[in-house]
Amino acid sequence: MRVTVSVPGKVSLFGEHAVVYGEPALVAAIGKRLTVSVEGRSDKLIKIAAMDLQVPGVVLTYSEERPELIVEADYGKIVGAVGYVRKAIETVSERLGKKGGVNVTIRSEMPVGAGLGTSAAVAVGTVAAYTLLMGEELSLGEIARLAHQTELAVQGLASPMDTSVATYGGVLYIKPSAQQTVEKLPINCELPMVVGYSEREFRTSDLVRKVKALREAYPEIVLPTLQSIGRISERAKDALASGDLDTLGRLMNINHGLLDSLGVSSKSLNDMVYSARFAGAIGSKMTGAGGGGCMIALCPGREVEVSTAIRIVGGMPFRAAVSDQGLRVESIES
Ligand code: MEV
């Protein structure tokens, strides 16, 4: 039996990092997707092929009897993605009380580890596909929960932001707390965005830990900064509801400044963020964990100019439309 599912990438519109500490965030699924295919095996091996992650492909083999990974080629980001696959399979096996050998193939239309939520997409896709392969069905809420548990186990600290948007799609307002809120917002306006990508030097877990250390060292400064980011998300939710793009743009600029003050931006991100503004973007900010990776620019009518400006400072631009499509089962073949 072979099960194939696909999952959207995402951009954080507002609130990354602060959301790890319970502040609200706004996140949007985009039209670029990652596909996870799983196929049953007669033995107990888990074989993971990640051949198309916009970095050269690699095949890794792992078994419970021989828990070390057999790596045929080693690229840090691929190995990172594979960690989420292994953990997701383990998490589902525990939840269902069954397990079996599996070949997993991952393909992506976006670069991995660039702040576009590919780790969460891998986790959600693997949880959903492996569950179906085991002959079971879980609700979307349960899939999002198990995928978040996977991210938490791999990263140490994680909010449910990326796994929720990968599962449900659309634009989500997320407020993690005892009574966690995940609200799918109606999209009342076009959000024409350009994403700028540059090579990322750090992993999400490194950056989350960096903010944690800063928060512990300077709580009286960093706590209000994280709370301000949360207030930005609240104001942005209202601006989105009324289609007020100018306010959204200004809030993006403030949010970027605060993230930069937390030390999670980088020279390449700042270069892209400022050149996008000079080229006419209403607002621009880094998106995701930072440390390189992606930025977004809100730039109605200026997409060409902003893309050129991003390219001039060494980034790779692409247009991103918000997508309502979350997790999708593509095929089940027996
Ligand atoms: C990563 O896309 C977003 C962070 O806020 C981490 C998380 O929410 O788990 C940096």
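The values are calculated or read from the model by the stated rules, or taken from the named source; none is laboratory data. Just so it is clear, the model here is predicted, and its values are computed rather than measured. In this analysis, Cβ positions are derived from the backbone assuming ideal geometry, glycine residues included, and neighbour counts consider all displayed protein chains. Remember, those area values only see protein heavy atoms, side chains included, never the ligands or the DNA or RNA. Shrake-Rupley method; radii C 1.70, N 1.55, O 1.52, S 1.80 Å.
Filter segment 218-244 down to residues that are among the hydroxyl-bearing types (Ser, Thr, Tyr), part of a helix (DSSP H, G or I) and over 27 Å from CYS189 (Cα atoms), then give me how many there are.
The first filter runs over segment 218-244 and keeps only residues among the hydroxyl-bearing types (Ser, Thr, Tyr), leaving 218, 225, 228, 233, 242.
Those still in the list that are part of a helix (DSSP H, G or I) too: 225, 228, 233.
Next, only the ones that are over 27 Å from CYS189 (Cα atoms) stay: 225.
Summing the residues that are among the hydroxyl-bearing types (Ser, Thr, Tyr), part of a helix (DSSP H, G or I) and over 27 Å from CYS189 (Cα atoms) in segment 218-244 gives 1.
May I ask you to list pairs of residues, at least six apart or on different chains, whose Cβ atoms are under 6 Å apart, with the first in segment 288-308 being part of a helix (DSSP H, G or I) and the second being open to solvent by less than 10 Å² (accessible area, probe 1.4 Å)?
From residues that are part of a helix (DSSP H, G or I), the pairs are GLU303/VAL194; VAL306/VAL194; VAL306/ALA276; VAL306/ALA297; VAL306/CYS299; SER307/VAL194.
So ALA281 fits all but one of (1) surrounded by 22 or more Cβ atoms within 10 Å (Cβ to Cβ); (2) under 19 Å from ALA29 (Cα atoms); what number is the exception?
(2)
Restricting attention to segment 243-259, does a residue exist that is out of contact with any strand residue (DSSP E or B) (no Cβ under 8 Å at 6 or more places or on another chain) and either small (Gly, Ala, Ser) or assigned by TED's automatic domain parsing to the domain that holds LEU140 (or both)?
Yes, segment 243-259 contains a residue that is out of contact with any strand residue (DSSP E or B) (no Cβ under 8 Å at 6 or more places or on another chain) and either small (Gly, Ala, Ser) or assigned by TED's automatic domain parsing to the domain that holds LEU140 (or both).
Mind listing whichever residues of segment 22-39 are in contact with a strand residue (DSSP E or B) (Cβ under 6 Å, 6 or more places away or on another chain) and outside any strand (DSSP E or B)? First the steps, then the outcome.
So the first thing to find is which residues in segment 22-39 are in contact with a strand residue (DSSP E or B) (Cβ under 6 Å, 6 or more places away or on another chain), and the list is 24-30, 32-39.
Correct list: PRO24 only.
Failed condition for SER307, given (1) within 21 Å of VAL19 (Cβ to Cβ); (2) in contact with a strand residue (DSSP E or B) (Cβ under 8 Å, 6 or more places away or on another chain); (3) among the small types (Gly, Ala, Ser), with all others met?
Every listed condition holds for SER307 apart from (1).
Test each condition in (1) surrounded by fewer than 24 Cβ atoms within 10 Å (Cβ to Cβ); (2) within 16 Å of the ligand (Cβ to nearest atom); (3) closer than 15 Å to VAL3 by Cα for THR105 and report the one that comes out false.
Condition (2) is where THR105 drops out.
Could you give me the residue pairs with C-beta distances under 9 Å whose first residue belongs to segment 147-167 and is outside the structural domain of ALA121 (by TED's automatic domain parsing), whose second residue is within 11 Å of the ligand (Cβ to nearest atom) wherever it lies, and which are 6+ apart or on separate chains?
Short answer, once both residue conditions are applied: none.
Look through ALA128, ALA121, ALA147 and report the one residue that is away from the ligand (no atom under 13 Å from the Cβ), under 25 Å from GLY97 (Cα atoms) and in contact with a helix residue (DSSP H, G or I) (Cβ under 7 Å, 6 or more places away or on another chain). First the steps, then the outcome.
Values: ALA121 fails: away from the ligand (no atom under 13 Å from the Cβ); ALA147 fails: away from the ligand (no atom under 13 Å from the Cβ).
Residue meeting the stated conditions: ALA128.
Going by what's in this entry, would GLU199 be described as outside the structural domain of LYS10 (by TED's automatic domain parsing), acidic (Asp, Glu) and open to solvent by 10 Å² or more (accessible area, probe 1.4 Å)? Explain how you work it out, then say what you get.
On the way: outside the structural domain of LYS10 (by TED's automatic domain parsing): yes; acidic (Asp, Glu): yes; open to solvent by 10 Å² or more (accessible area, probe 1.4 Å): yes.
The answer is yes for GLU199.
Might you check whether a residue that is open to solvent by less than 50 Å² (accessible area, probe 1.4 Å), part of a strand (DSSP E or B) and touching a Leu at 6+ places or on another chain (Cβ under 9 Å) occurs anywhere in segment 187-194? So that I can check it myself, show each step before the final result.
Here is the first cut: in segment 187-194, the residues open to solvent by less than 50 Å² (accessible area, probe 1.4 Å) are 189, 191-194.
Filter once more, so that each one left must be part of a strand (DSSP E or B): 193-194.
Still in the list and also touching a Leu at 6+ places or on another chain (Cβ under 9 Å): 193-194.
Among the residues of segment 187-194, at least one is open to solvent by less than 50 Å² (accessible area, probe 1.4 Å), part of a strand (DSSP E or B) and touching a Leu at 6+ places or on another chain (Cβ under 9 Å), which makes the answer yes.
Could you tell me how many of the residues in segment 106-137 are touching a residue at least 40 places away in the same chain (Cβ under 8 Å) and not in a helix (DSSP H, G or I)? I'd like the intermediate steps shown before the answer.
Going residue by residue through segment 106-137, those that are touching a residue at least 40 places away in the same chain (Cβ under 8 Å) are 106-126, 128-130, 132-134, 136.
Still in the list and also not in a helix (DSSP H, G or I): 106-117, 134, 136.
Within segment 106-137, residues that are touching a residue at least 40 places away in the same chain (Cβ under 8 Å) and not in a helix (DSSP H, G or I) number 14.
Restricting to segment 15-40, name every residue that is among the charged types (D, E, K, R) and away from the ligand (no atom under 16 Å from the Cβ).
Taking segment 15-40 and keeping what is among the charged types (D, E, K, R), we get 16, 23, 32-33, 39.
Those that are among the charged types (D, E, K, R) and away from the ligand (no atom under 16 Å from the Cβ): ARG33, GLU39.
Which ones in segment 138-149 are polar (S, T, N, Q) and either open to solvent by less than 10 Å² (accessible area, probe 1.4 Å) or outside any loop (DSSP other than H, G, I, E, B) (or both)? So that I can check it myself, show each step before the final result.
Of the residues in segment 138-149, the ones polar (S, T, N, Q) are 139, 149.
Across segment 138-149, the qualifying residue is only GLN149.
Among what's in segment 150-181 and is part of a strand (DSSP E or B) and in contact with a Pro (Cβ under 7 Å, 6 or more places away or on another chain), pick the residue that is nearest to the ligand (Cβ to nearest atom). Can you show your working first?
Within segment 150-181, the first condition is being part of a strand (DSSP E or B), and the residues that meet it are 171-175, 181.
If we keep only those that are in contact with a Pro (Cβ under 7 Å, 6 or more places away or on another chain) too, we end up with 173-175.
Values: TYR173: 14, ILE174: 9, LYS175: 12 Å.
Result: ILE174.
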